[in-house]
1. Using a 10 Å cut-off on Cβ atoms, rank the peptides 87-95, 196-204, 178-186 from the highest mean neighbour count down.
2. So if I restrict to the alpha-carbon atoms in the chain, what is the Rg, and what is Dmax, the biggest pairwise distance, in Å?
3. By counting other Cβ atoms within 10 Å of each Cβ, how are LYS192, LYS137 ranked from fewest to most?
4. Mind listing the phi-derived Karplus ³J(HN,Hα) values for the stretch 159-164, rounded to whole Hz, using 6.51, -1.76 and 1.60 with θ = phi - 60°, and x for any glycine or proline?
5. Given springs between every Cα pair under 10 Å in a Gaussian network model of the chain, which of GLN33, GLN100, GLN208 has the largest fluctuation?
6. Of the options GLN33, GLY44, THR14, report the single residue whose Cα projects farthest towards the positive end of the charge dipole of the chain (beta-carbon charges: Lys, Arg +1; Asp, Glu -1).
7. Give me the net charge for the shell around ALA149: Cβ to Cβ below 12 angstrom, other residues only, Lys and Arg +1, Asp and Glu -1.
8. Could you tell me which residue out of GLY146, VAL221, SER175 lies farthest along the dipole of the chain toward its positive end? Charges go on the beta carbon: Lys and Arg +1, Asp and Glu -1, centred on the Cα centre.
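No value in this document is a laboratory result; all are computed from the given coordinates. Small disclaimer: the values here were computed from a predicted structure and weren't measured. So basically every Cβ, Gly included, is an ideal-geometry build from the backbone, and we count neighbours across all protein chains shown.
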Amino acid sequence: MTVDWDEFSIRTPTTAEVRLLGRTDVLSVLALQKLMVHEVRQQGRVNAAVLICEHPPMVTIGTDSSLLELPTDRRELESRLLDTHRVKRDGHAILHQPGQLAAYVVVALEECGLTESEYRRGLQHAVIRTCEDSNVKAHRTDDRCGVFARHGLVCEIGVQVDRGVTSFGAFLNVSCRLDEARSLGRGLLGQKISSLNAERVRHSFMTQVRASLIQNLCEQVGYPEYHIHTGHPFLKRIRKAYS
């Protein structure tokens, strides 16, 4: 039998590298994400990367953010020990905190066969399916940077595309403190903020939500096969540099 190797290589699925980073500060993850973007752009060792973590309390400010999304008195943030950091993603100011599941997705859109708008809808759909797996009904609206449930926004979507490679991704409220989340970003704009716990009125298991989100994200961006790793050697060097 003759094998058409060109056709075989086209149809052979590549795998994504999923990294479980635990609770990791934003700046360390951004540094690792920069490395992953380089790897994916070179199409060398890594074809696609998904970084999954929770962050200690910190605020990131996207390119679509306005001054109305932050307290008028910066001393309020200082009193709450909240650092702010401007990042190159679209979307609103986001309060990151434990109980919020952060997913940074690094893929080459050309390899995935997706446009930027299709990719963004894929992220939203992955979050919606993850919510459904937790018995929470969620939906998209005209807001391209969010996913909403009955009682308000449950997930922020923030994306950057640089020379065809994506970064940042989705920030899903699972069990975070909503009183804190409502005091920044969309909350200060009068929008309702919710979480899986609030929608279910009972506890959501982070490990189950995490497993569901990984599977749905990888499927939506065209990498149904993926390898899961714990941590990353690069993080150890980053943390030493920041300490």
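1. Most protected by this proxy first, the peptides run 87-95, 178-186, 196-204.
2. Cα radius of gyration and Dmax of the chain are 18.1, 74 Å respectively.
3. Exposure proxy ranking, most exposed first: LYS137, LYS192.
4. So the Karplus estimates, Gly and Pro as x, are 10, 10, 10, 10, 6, x Hz.
5. Sorting by GNM fluctuation, first place goes to GLN208.
6. Selected residue: GLN33.
7. +3
8. SER175
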